[in-house]
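The structure follows.
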Amino acid sequence: MYLTNINLGQYIPTGSFIHRLDPRAKLFSLLMIISAVFPTQSIPGAVMWAVALILLIAASKIPFKIVAMSARPILFLVIFTFIFNIIAGYFSKGDFLSAINTAIFTASRLLILMLFAVMLPLTTAPLELADGIDALLSPLERFRFPAHECAMMIGMALRFIPLLMQETDKIMRAQLSRGARLDQGNIFQRAKAFFPVLIPLMVIIFRRADEVATAMEARGYDGKSGRTRRKPLVWKKSDTLAVCLGAIIAGIFFMS
């Protein structure tokens, strides 16, 4: 059963073959896809990327509605990009229709890029993703880069972002039930109305941070690399095929 309230970064287990891929393979493929989506300058190219995204969502067995719900917090950036490109295009070229076309294309490309990125935490458990980032950054430890610490922070952020968003939703519902007008008035009135939400949310953040710190200290965690893993990463043939497929797709778009 899926949760009715899906948050950004929340893991959705469906048992698909994409879920079973090594997180390092997913990270490699995502980096190649991102590097190929950015230089896309044609509408056919954007449509092809949209088709590839739809196929990825279908292969992950995650309903598109859940993907859209998970991506809600980043939609404001897409809307801002759309409006900004209309204004900038109109004042630079003086053609409103051309500005709209450019804004639609730019916002669509950004949305496709973000949805590809959203699919990574949706199909990868936070602990596995942190282990994958740790493994990829470990060669940088030769240059005194805190790879393990960075991977730990990313893993904790991926774990706690959905929890904090759930807590925010609970607090907002409680305030609305008490008659708070969070969705009425101008921008300044709404910002003032959100103070009763921010204060208990900050208390919850500090409380959870203290609980995590106490648990890490009780387990003797010192932040150094070399710790054992309950589920060691194992690179399989399917991971090699996934990386090769991502490289082929990215190469096709680069050459087109």
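Can you run phi through the Karplus equation (6.51, -1.76, 1.60; θ = phi - 60°) for the stretch 124-132 and list ³J(HN,Hα) in whole Hz, with x for Gly and Pro?
3J(HN,Hα) across the stretch 124-132, in whole Hz: 9, 5, x, 5, 5, 5, 5, 5, x.
Name the shape class, rounded, prolate or oblate, that the alpha-carbon gyration tensor gives for the chain, where a ≥ b ≥ c are the square roots of its eigenvalues, rounded holds for a/c under 1.5, and otherwise prolate holds if a/b is larger than b/c and oblate otherwise.
oblate
Please list, in order along the stretch 32-49, the HN-Hα scalar couplings obtained from phi with the Karplus expression 6.51 cos²θ - 1.76 cosθ + 1.60 (θ = phi - 60°), rounded to whole Hz, x for Gly and Pro.
Once θ is set to phi - 60°, the couplings for the stretch 32-49 become 5, 5, 4, 5, 8, 6, 4, x, 5, 10, 10, 5, x, x, 5, 5, 5, 5 Hz.
Shifting gears a bit: Report relative contact order for the chain in percent, whole number only (criteria: Cα-Cα under 8 Å, sequence separation at least 6). Don't jump to the answer; show the numbers that get you there.
Working: 225 pairs, mean separation 78.4, N = 256.
Result for the chain is 31 percent.
If you don't mind, there's one more thing I want to ask. Please report the spacing between the Cα centers of the stretch 38-72 and the stretch 118-137 in Å, no decimals.
Taking the Cα centre of each part, the stretch 38-72 and the stretch 118-137 sit 20 Å apart.
Here is a further query. When a/c reaches 1.5 or more, the comparison of a/b and b/c decides; with that in mind, is the stretch 64-194 rounded, prolate or oblate per its Cα gyration tensor?
oblate
What order do you get for Arg142, Arg208 when you list them from fewest to most C-beta neighbours inside 10 Å?
Arg142, Arg208
Per-residue ellipticity at 222 nm for the chain, helices alone: DSSP H runs ≥ 4 residues times -39500 (n - 2.57), over residue total, nearest 500 deg cm²/dmol? Spell out each step's value before the answer.
Working: 10 runs with 180 residues, N = 256.
Calculated mean residue ellipticity at 222 nm is -24000 deg cm²/dmol.
Values in this text are rule-based calculations from the coordinates and carry no lab data. The shown structure was predicted, so the numbers you read here are calculated from the model rather than taken from an experiment. Positions of Cβ are generated from backbone atoms using ideal geometry, with glycine treated the same way; all protein chains shown enter the neighbour counts.
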